[in-house]
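Some notes on the structure that comes next.
The values are calculated or read from the model by the stated rules, or taken from the named source; none is laboratory data. The model shown is predicted, which means the values in this text are computed figures rather than measured ones. Every residue, glycine as well, gets a Cβ built from its backbone with ideal geometry; the counts of neighbours run over all protein chains shown. SASA here: full protein model, heavy atoms, side chains in, ligands and nucleic acids out. Shrake-Rupley method; radii C 1.70, N 1.55, O 1.52, S 1.80 Å.
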Amino acid sequence: MALVNAGVVVLDCAEPEKLALFYRQFLDAEDTDVAANRVEIRSADGTRLAFRRDANATPPSWPRPENALQAHLEFMVEDLDAAERKVVGLGGRPLEAKDAPGLYEERSFADPAGHSFTLRRVPPLAPKRG
């Protein structure tokens, strides 16, 4: 029997209800646990995130070093442009103006509370032939 049943990424923030709403809408997720100081969500693919109230939470300053990266989320998408429109429409903001150089096509954003995350393009699988 497994010792750990599941893992949850928890982001500290001043307003967990508002941050949970952003990710719930972005991931088409649903609430799984709501308490006075914590909200947990799960998306259809099983991604689990929780948001914990911390009145003293300070948004990360990434890429500046003062209050460097505290957590980093990465979401795989097939259409970067469509995903970016949804993120910005929900109140997220781009951290970089254009695609980052490198092996993958990806873009960096901050959620409404300042946590950084990346959208990474995953090419659709080609149908098998023959």
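What is the local net charge at A44, summed over the other residues whose Cβ is closer than 14 Å to its Cβ (Lys, Arg +1; Asp, Glu -1)?
-1
Round to the nearest 10 and report in Å² the accessible area of S116, as given by a 1.4 Å probe over the protein chains' heavy atoms.
10
Using amide H atoms built 1.01 Å from N in the peptide plane, name the residues 5+ places from D12, or on other chains, whose amide H lies under 5 Å from its own.
It is R52, by chain and number.
Under 5 Å between amide H atoms, partner at least 5 residues away or on a different chain: which partners does M76 have, H built in plane at 1.01 Å?
The answer is R120.
Check which residues have an amide H placed less than 5 Å from E105's amide H, if you skip close sequence neighbours.
Distant-sequence amide H within range of E105: R121.
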